Amino acid sequence: MKSSKSTGFSLVELLITMTILIMVLFIGTMAYRQYSVYWHKEMGQFDEKLQTAKNIVQIHSIIKNIRPHMVKFEENVWGHYFEGASTLIRSVTEHAISQPGNAAIFELSVVADGESRTLVYREKPIVESPFFNYEADHQYTYEKRFDFRFDELQFEYFGWRHVDEYFTALESPDRFSQAWYGAYSGRDSMVTPNIIRITIAIDNRNSLLEVPVLQFIPEYIQNYGQGNE
């Protein structure tokens with residue numbers, strides 16, 4: 001009788017095969033870990049950029065809808081309610097966040113939060129309580145902290161230094177023109193700015209956003225300037 005030979009693997013072949021398999025699994029695991037870390041990092045950056053974009057769109061909407069609103073500062077002293085500094089805006093917006101479609105007195109300010117800075121929005125809808133007399137401090141009823149990281153945030157204002165320059169420029173355009181200012185007062189100028197520029201610094205990169213503001217109505221200024229209410 002002829003004896004049959006075994007066709008199985010030898011111990012050496014089995015050990016070599018297992019060694020190769022372990023190496024393949026090790027390389028695959030390391031590659032997966034690196035890709036997973038990269039993916040989570042990219043997704044985190046994407047989520048952060050998306051949240052920043054959403055916040056900037058909302059800030060743009062607030063400023064774009066600033067309404068020229070006349071108030072009495074003192075007896076026979078009227079002007080537009082607008083206070084602008086490098087890190088602060090107080091005015092009236094046509095679209096409140098807490099009550100969409102209604103106007104609101106608002107304050108948008110950069111607030112120090114430890115070592116970081118936060119942009120804080122506060123408002124008080126004026127649909128139930130008309131706003132005609134100036135008040136330095138308002139009891140705001142709604143607050144929102146914009147959840148995005150930035151190094152610096154500054155406001156600048158483009159408009160007339162005073163309403164008299166506006167009326168003079170209508171007859172003599174070469175005499176006066178609008179300019180950029182680091183601060184702007186509706187009480188001192190009697191008008192609101194025409195453009196507000198926002199400079200946002202993130203990771204040593206500056207982004208500029210220029211937002212046109214609703215124009216003031218000259219007839220209102222002339223009317224209130226004569227002491228009429």
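In the list PHE176, PHE148, which residue meets the criterion of being outside any strand (DSSP E or B) and touching a residue at least 40 places away in the same chain (Cβ under 8 Å)?
PHE148
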Q. Within region 50-95, restricting attention to residues that are of a type in the set (A, V, I, L, M, F, W, C) and farther than 23 Å from TYR142 by Cβ, which residue is surrounded by the most Cβ atoms within 10 Å (Cβ to Cβ)?
A. TRP78
Q.
Name the residue that is farthest from THR192 (Cα to Cα), counting only residues in region 162-173 that are in a helix (DSSP H, G or I) and of a type outside the set (Gly, Ala, Ser).
A. GLU171
Q. For region 68-123, how many residues meet the condition of being closer than 27 Å to ASP203 by Cβ, touching a Lys or Arg at 6+ places or on another chain (Cβ under 9 Å) and in a loop (DSSP other than H, G, I, E, B)?
A. 1
(Q) Step by step: first the residues of region 183-206, then only those that are out of contact with any Ser or Thr (no Cβ under 6 Å at 6 or more places or on another chain), in a strand (DSSP E or B) and touching a residue at least 40 places away in the same chain (Cβ under 8 Å), then the one that is nearest to PHE82 (Cα to Cα). Which residue is that? (A) SER185
Q. Looking at region 106-113, is at least one residue loosely packed, with under 15 Cβ neighbours inside 10 Å and either of a type in the set (Asp, Glu) or in contact (Cβ under 8 Å) with a residue 40 or more places away in the chain (or both)?
A. yes
Q: Give the residue that is modelled with the lowest pLDDT, with candidates limited to residues of region 141-176 that are within 22 Å of ASP113 (Cβ to Cβ) and either of a type in the set (A, V, I, L, M, F, W, C) or in contact with an Asp or Glu (Cβ under 6 Å, 6 or more places away or on another chain) (or both).
A: PHE148
Q: Within region 51-61, identify whether any single residue is assigned to a helix (DSSP H, G or I), more than 30 Å from TYR134 (Cβ to Cβ), of a type in the set (D, E, K, R) and at pLDDT 80 or above, and answer yes or no.
A: yes
Q: Output the number of residues of region 136-177 satisfying the condition of being surrounded by 18 or more Cβ atoms within 10 Å (Cβ to Cβ) and among the small types (Gly, Ala, Ser).
A: 1
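The values are calculated or read from the model by the stated rules, or taken from the named source; none is laboratory data. A quick note: this is a predicted structure, and the numbers were derived from the prediction, not measured. As a convention, Cβ positions derive from the backbone with ideal geometry for all residues, glycine included, and neighbour counts pool all protein chains shown.
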